[in-house]
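Chemist: Quick one: the structure is below, questions incoming.
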Amino acid sequence: MANIRLSSELKGWINQNLARGCAPAELVASMVQQSFEPRVAVALVGAFVDARAAGAPLSGDSVAVELEEPDYIYETPRLARGNAIPVGDRQVTVLSRLEQPTLAVLGNVLSEDECQQLIDLARPRLARSTVVDPVSGVNAVADYRNSEGMFFRLEESPLISRLDRRLSALMGAPVENGEGLQVLRYGPGGHTAPHFDFLLPGNRTNEDSLARSGQRVSTLIVYLNDVAEGGATVFPSVGLSVTPRKGNAVYFEYANSRQQLDGKSLHAGAPVIAGEKWAMTKWVRSRRFVAG
């Protein structure tokens, strides 16, 4: 355990934002942007949430949290090396790479026809997107993710099966380790606040998911249309912005074999300024995915 000292400014900022209805996940993401280690940020905000629920505001100038882990160790990427990656029925091109975090911008992941088919199949099944708060574990609609979304079941149709297998080959994982494909639609102003895709223990929802399926280890975001203006995927820790282009994708990893999690994988969806944005997300687990 470690005692984290709290300035009066930080205590006031957390209390004021919780009092005005900000989601704990928003506060965690903001703190990480200010160089807080993710687990420490979650623990600190969680302590304030628990204190408010108990009707006993935190006293003192420190909070006890688990000791910080060593710096994240970057291992050999799961994504194959080279300028082009064969994935069975096509060649995916590597447009650029980063080493820290492990990240690549990819081309030719989906064809134009596949992008349109996914949009057409997803549109009638869209519902307001929800998020799982890292502190409470509650799955709810959040103002900081104002999109519509849906999930396909793993290999639910010939098209989805073909894509599940292609993306699993690209991401270097068995098909059964992948979660079902998620399709999201963002209208004008639609955006996602900075967040992580890995699951932090500390609430029952995440702990149950981790016990069933292991940690999320990588993400692939595939763009299904060209966005007229805005809508980039932003990685604030490294100053990278990826422009949506139909059929292209951004891939990133954030969990290693030592069970460490990479805070540099913090990412966000910039607001759509004109038009709309359609994207498909694939998450891969460390072992076979079992839905809750």
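The values are calculated or read from the model by the stated rules, or taken from the named source; none is laboratory data. What you see is a predicted model, and the numbers here were worked out from it, not measured in a lab. Cβ: placed from backbone, ideal geometry, glycine included. Neighbour counts: every protein chain shown.
Chemist: Here are the criteria: (1) crowded, with 20+ Cβ neighbours inside 10 Å; (2) of a type in the set (S, T, N, Q); (3) modelled with pLDDT of 95 or more. Tell me which single one residue 192 does not satisfy.
Modeler: Unmet condition: (3).
Chemist: Could you tell me how many of the residues in the stretch 52-83 are surrounded by 10 or more Cβ atoms within 10 Å (Cβ to Cβ), modelled with pLDDT under 85 and of a type in the set (Gly, Ala, Ser)?
Modeler: Going through the stretch 52-83 one residue at a time, the tally reaches 2.
Chemist: Could you pull out the residue among 208, 197 that is outside any strand (DSSP E or B), in contact (Cβ under 8 Å) with a residue 60 or more places away in the chain and under 14 Å from the mean Cα position of the chain (by Cα)? Before you say what the answer is, go through the steps one by one.
Modeler: Values: 208 fails: under 14 Å from the mean Cα position of the chain (by Cα).
After applying the criteria, what remains is 197.
Chemist: Name the single residue, out of those in the stretch 105-125 being surrounded by fewer than 20 Cβ atoms within 10 Å (Cβ to Cβ) and small (Gly, Ala, Ser), that is farthest from residue 149 (Cα to Cα).
Modeler: 107
Chemist: Every residue in the stretch 249-261 that is crowded, with 20+ Cβ neighbours inside 10 Å and either more than 20 Å from residue 149 (Cβ to Cβ) or not assigned by TED's automatic domain parsing to the domain that holds residue 201 (or both), please.
Modeler: Our first condition is that a residue be crowded, with 20+ Cβ neighbours inside 10 Å; within the stretch 249-261, this holds for 249-255, 261.
Hits for the stretch 249-261 are 253, 254, 255, 261.
For every residue, the table says whether it meets (1) modelled with pLDDT of 95 or more; (2) over 27 Å from residue 263 (Cα atoms).
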residue: 98; (1), (2): yes, no
residue: 113; (1), (2): yes, yes
residue: 117; (1), (2): yes, yes
residue: 120; (1), (2): yes, yes
residue: 144; (1), (2): no, no
residue: 156; (1), (2): yes, yes
residue: 167; (1), (2): yes, no
residue: 178; (1), (2): yes, no
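Chemist: Can you tell which of 227, 183 is of a type in the set (Val, Ile, Thr), touching a residue at least 24 places away in the same chain (Cβ under 8 Å), outside any helix (DSSP H, G or I) and closer than 18 Å to residue 126 by Cα? Steps first, answer last, please.
Modeler: Working: 227 fails: closer than 18 Å to residue 126 by Cα.
Answer to the selection: 183.
Chemist: Quick one: which of 233, 219 is assigned by TED's automatic domain parsing to the domain that holds residue 184, within 17 Å of residue 262 (Cα to Cα) and buried (at least 20 other Cβ atoms within 10 Å of the Cβ)?
Modeler: When all the criteria are applied, what remains is 219.
Chemist: Starting from residues that are at pLDDT 85 or above, surrounded by 11 or more Cβ atoms within 10 Å (Cβ to Cβ) and of a type outside the set (Val, Ile, Thr), keep the ones in the stretch 1-22 and report whichever is nearest to residue 198 (Cα to Cα).
Modeler: Per the stated criteria, the residue is 22.
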